[in-house]
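Asks: Would you mind keeping the following structure in view while I ask a few things?
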Amino acid sequence: GYFLAAAAAQRGKNVLLIESKSRESVVFERPSGNFLGDMFWEPVIGLKNGSSEDQFLRGLGIYQELSDIFREFQPAVQLVSPDSRLDFQYKLAEMAPEWDREFPKEASGLKDLGNRLLSNAGAKGDFQRLVEQVGLDSQWVQLGDIQPLLYGSASPENVSLELMNYYVKNCANSVRYTVGGKDALKELLTSRLKWYGGKVKRDARVEEIIF
């Protein structure tokens, strides 16, 4: 909503952004009036210099350089357990050394799993069946369960192989995190909205829309 509102205002539209929240940086409010801050992090995937998304954000005046707001991290995600520490990479070629180091017995099966996921033959069906086909133990089915963590909390709980395939390919382009989190991005977009003449009204609800 913030992106669209700022873009519409930039194009000369009369924009009024209405939110039920009383403060900009609140995920939701308890009936008591206590605020729970925006503590969620979500990766921004596939955003790279020269892309249509990059051009759109530059056009809004969000940043001059992509890395000013959206920073890349290496590794993007680190999975730690009592027995292993996996520096998760979104490019399969870069994951190979990690599999070899942390899981030498299962490394070949895990590489095969990744390759099948990105192939046309492995892009459909059930993740559990794919794990069985490459000869991995059933515990590796859990790799399918952690996909929402690896690719963004907005993902559905049961991610299909088609969607995983899409995520993996886009994450290979880039995985970035917003400097200051979602709060900072909201504040920046709000400032651009107001700069272009738009208005924001908080602690309000829309009861009826009349055309």
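Asks: On full extension of the chain, what length is gained from Glu94 through Leu163, given 0.36 nm per residue of separation minus the C-alpha to C-alpha distance?
Replies: 22.7 nm
Asks: Using θ = phi - 60° and the Karplus relation 6.51 cos²θ - 1.76 cosθ + 1.60, list the HN-Hα couplings for region 183-192 in order, rounded to whole Hz, with x at every Gly or Pro.
Replies: For region 183-192, the Karplus-derived couplings read 4, 5, 5, 4, 4, 5, 5, 4, 5, 5 Hz, x marking Gly and Pro.
Asks: If Arg116, Arg85, Arg129 are ordered by their accessible area, calculated over protein heavy atoms with a 1.4 Å probe, which sequence runs from highest to lowest? Walk me through the numbers before you get to the answer.
Replies: Values: Arg116 80, Arg85 105, Arg129 125 Å².
So, going from the largest accessible area down, we get Arg129, Arg85, Arg116.
Asks: Which of the lysines could a cross-linker span from Lys105 if the Cα-Cα distance has to be under 26 Å and same-chain partners fewer than 8 positions apart are dropped?
Replies: Excluding near neighbours in sequence, the set is Lys91.
The values are calculated or read from the model by the stated rules, or taken from the named source; none is laboratory data. Please read all numbers here as calculations on a predicted model, not as lab measurements. Side chains included, ligands, DNA and RNA excluded: accessible areas come from the protein's heavy atoms. Shrake-Rupley method; radii C 1.70, N 1.55, O 1.52, S 1.80 Å.
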